[in-house]
Ligand SMILES: Cc1ncc(COP(=O)(O)O)c(C=O)c1O
């Protein structure tokens with residue numbers, strides 16, 4: 001099938017939810033993807049943080065083939081060999097006790113929201129004032145289902161679907177005073193991403209996270225952390241909150257967990273898990289034997305990759321900083337490990353750079369209008385970073401020449417309504 005015929009067919013047959021780049025990928029290996037014309041692309045987006053081990057990893061293929069020939073699905077009415085083993089590994093690396101498995105990030109977050117409400121109900125049945133409010137952060141992103149949308153602090157995602165789930169208030173990002181002002185005994189959970197991903201790669205501040213931990217601990221509310229994008233090795237530690245010296249009550253993960261198969265999880269403590277009983281929550285597909293067997297293999301490989309992620313992340317940041325000193329359009333370099341971004345001073349330039357890199361065979365994306373996001377596979381090497389830096393250098397130089405205004409601050413900041 002040609003790209004043109006796929007585009008024609010999709011236009012007629014699919015719900016128009018995506019504004020796709022005009023590329024038809026047919027295979028991948030390691031850090032590279034190939035399209036239907038045989039053109040090779042260096043993948044610095046890894047399917048938005050999913051393909052952390054790159055494409056067609058031999059060890060993952062081996063587990064997939066073995067398990068697909070043995071057992072793919074049973075339903076959660078019965079036991080299989082892998083959920084407990086996977087939960088044990090996740091508990092060990094997170095400092096938490098238990099897991100619930102589902103199929104996606106948004107489902108993990110929905111489960112976490114339900115758990116927070118359920119726990120608060122049981123925990124406050126002894127005469128305390130009811131806890132039901134959720135405090136989430138402005139500029140956050142937690143997914144597309146109703147609970148996740150209700151805690152997502154970006155109007156463009158929420159607006160078409162109002163009214164959303166009630167009981168949610170938004171705190172200004174990293175604003176300690178606002179958090180103190182809005183926090184009281186009616187709050188059942190403070191919800192946040194350690195590093196806001198869709199919001200433009202913005203790490204929460206140490207002071208803010210510590211205050212959220214203190215306030216929730218004192219009042220018996222929960223600290224609920226979404227590590228769907230920043231967790232599972234992306235920042236060079238198993239979890240991004242481990243850079244901050246705190247442990248949450250609930251953490252959600254998904255994207256890279258099963259190396260490309262759909263699998264999400266919420267992790268929590270024994271104490272909080274006491275809020276759930278059989279029949280209160282569940283899923284048909286979540287935590288099936290195929291996805292769980294692959295996830296166990298992913299975590300085994302991840303153990304040996306964390307140091308590499310840290311080293312390559314430091315190298316990449318240093319190279320981006322060098323580039324910043326050369327290009328007026330670059331306003332900021334942000335992120336930890338291999339979750340990195342540069343903020344440009346114009347949405348038009350950001351858009352042009354993404355499509356120019358695509359032309360040159362490099363995949364990155366743009367989030368939050370002016371932010372170029374890099375989520376490469378954990379297996380990249382310095383030469384791959386160098387290739388991306390050279391391409392960015394060329395592309396930014398071109399756009400500056402094109403605008404004839406290569407000095408800082410001359411581009412006008414232009415906000416678009418929707419981003420891809
Ligand atoms: C922080 C965060 N939470 C939740 C989600 C939703 O995950 P999914 O698309 O798997 O439902 C995403 C997806 O980008 C995310 O980045």
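Here, each number is a calculation from the coordinates, and none is a lab measurement. Just so it is clear, the structure is predicted and the values come from calculations on it, not from any experiment. Cβ coordinates were reconstructed from backbone atoms using ideal geometry, including for glycine residues, and neighbour counts include every protein chain displayed.
Each of 339, 330 was scored by other Cβ atoms within 10 Å of its Cβ. Arranged with the fewest first, they read 330, 339. Multiplying the residue separation of residue 61 and residue 322 by 0.36 nm and subtracting their alpha-carbon distance yields 90.1 nm.
Residues 142, 281, ranked from the fewest to the most other C-beta atoms within 10 Å, line up as 281, 142.
Centre-to-centre, using Cα atoms only, region 149-175 and region 178-256 are separated by 17 Å. Seen from a random direction on average, the alpha-carbon convex hull of region 261-309 projects onto 5.0 square nanometres. Remark: spin-label model distance residue 84-residue 300 equals 1.9 nm, labels positioned 7 Å along the Cα→Cβ axis.
Segment residue 308..residue 34, full-extension length gain: 96.1 nm, with 0.36 nm per residue of separation and the alpha-carbon distance subtracted. Counting pairwise Cα distances across region 340-405, what percent come out greater than 16 angstrom? Everything past 16 Å amounts to 44 percent. To the nearest 10 degrees, how steep is helix 105-123 against the longest Cα principal axis of the chain, on a 0 to 90 scale? With rounding to tens, the tilt is 20 degrees. Once Rg and the Kirkwood radius are both taken over the C-alpha atoms of region 172-273, their ratio Rg/Rh works out to 0.97.
FRET efficiency for residue 206 and residue 184, Cβ-Cβ distance as r, R0 = 22 Å, nearest 0.05? Using R0 = 22 Å, I get an efficiency of 0.40.
Indicate the gyration tensor shape class of region 144-211 (rounded, prolate or oblate), computed on the Cα atoms with a ≥ b ≥ c the square roots of the eigenvalues: a/c under 1.5 is rounded; otherwise a/b larger than b/c is prolate and the rest oblate. Cα axes put region 144-211 in the oblate bin. Roughly how tilted is helix 306-326, in degrees to the nearest 10 and between 0 and 90, from the longest Cα axis of the chain? Roughly 50 degrees, rounded to the nearest 10. Would you please classify the overall shape of region 317-371 from the alpha carbon gyration tensor, given that a ≥ b ≥ c denote the square roots of the eigenvalues, rounded means a/c under 1.5, and beyond that prolate means a/b larger than b/c while oblate covers the rest? Rounded, since a/c falls under 1.5. Every Cα-Cα pair in region 109-164 was counted, and those over 13 Å apart are 61% of them. A Förster radius of 35 Å, combined with the Cβ-Cβ distance separating residue 21 from residue 146, puts the computed FRET efficiency at roughly 0.75.
What FRET efficiency comes out for the pair residue 274/residue 161, r = Cβ-Cβ distance, R0 = 35 Å, nearest 0.05?
Numbers: r = 33 Å, r/R0 = 0.94.
E between residue 274 and residue 161, to the nearest 0.05, is 0.60.
Each semi-axis of the equivalent ellipsoid for region 103-236 is √(5λ) with λ an eigenvalue of the Cα gyration tensor; in descending order they amount to 22, 18, 15 Å.
Across the chain, the relative contact order, built from alpha-carbon pairs under 8 Å that are at least six residues apart, equals 20 percent.
The angle separating the long axis of helix 382-403 from the principal Cα axis of greatest extent in the chain is about 60 degrees.
When DSSP beta bridges are restricted to pairs lying wholly in region 59-202, around 10% turn out antiparallel. Average projection, convex hull of the Cα set of region 74-140: 6.9 square nanometres.
With neighbours defined as other Cβ atoms within 10 Å of a residue's Cβ, the residues 134, 14 order from fewest to most as 14, 134. Counting only the backbone N, which residues of region 32-72 are under 16 Å from the spot 7 Å out from the Cα of residue 9 toward its beta-carbon? 36-37, by backbone N distance to the label point.
Considering region 236-391 at the alpha-carbon level, its Rg and Dmax are found to be 19.0, 59 Å. Hey, if you drop one equal point scatterer on each alpha-carbon of region 11-147 and run the Debye formula without solvent, what base-10 log of I(q)/I(0) do you get at q = 0.16, 0.19, 0.21 Å⁻¹? Here log10 of I(q) over I(0) equals -1.26, -1.37, -1.39.
Rounded to the nearest 500, what is the chain's calculated 222 nm mean residue ellipticity when only DSSP H runs of at least 4 contribute -39500 (n - 2.57) each, over all residues?
Numbers: 14 runs with 162 residues, N = 420.
Estimated from H runs of four or more residues: -12000 deg cm²/dmol.
Modelled spin-label separation between residue 70 and residue 214, with each label point placed 7 Å from Cα along the Cα-to-Cβ direction: 5.0 nm.
If the elastic network links every pair of Cα atoms under 10 Å, which of 17, 194, 247 fluctuates the most in the Gaussian network model of the chain? Comparing 17, 194, 247 in the GNM, the peak value goes to 17. Taken over the alpha carbons of the chain as equal point scatterers, the Debye sum produces base-10 log I(q)/I(0) values at 0.08, 0.09, 0.10, 0.13 Å⁻¹ of -0.45, -0.58, -0.72, -1.20.
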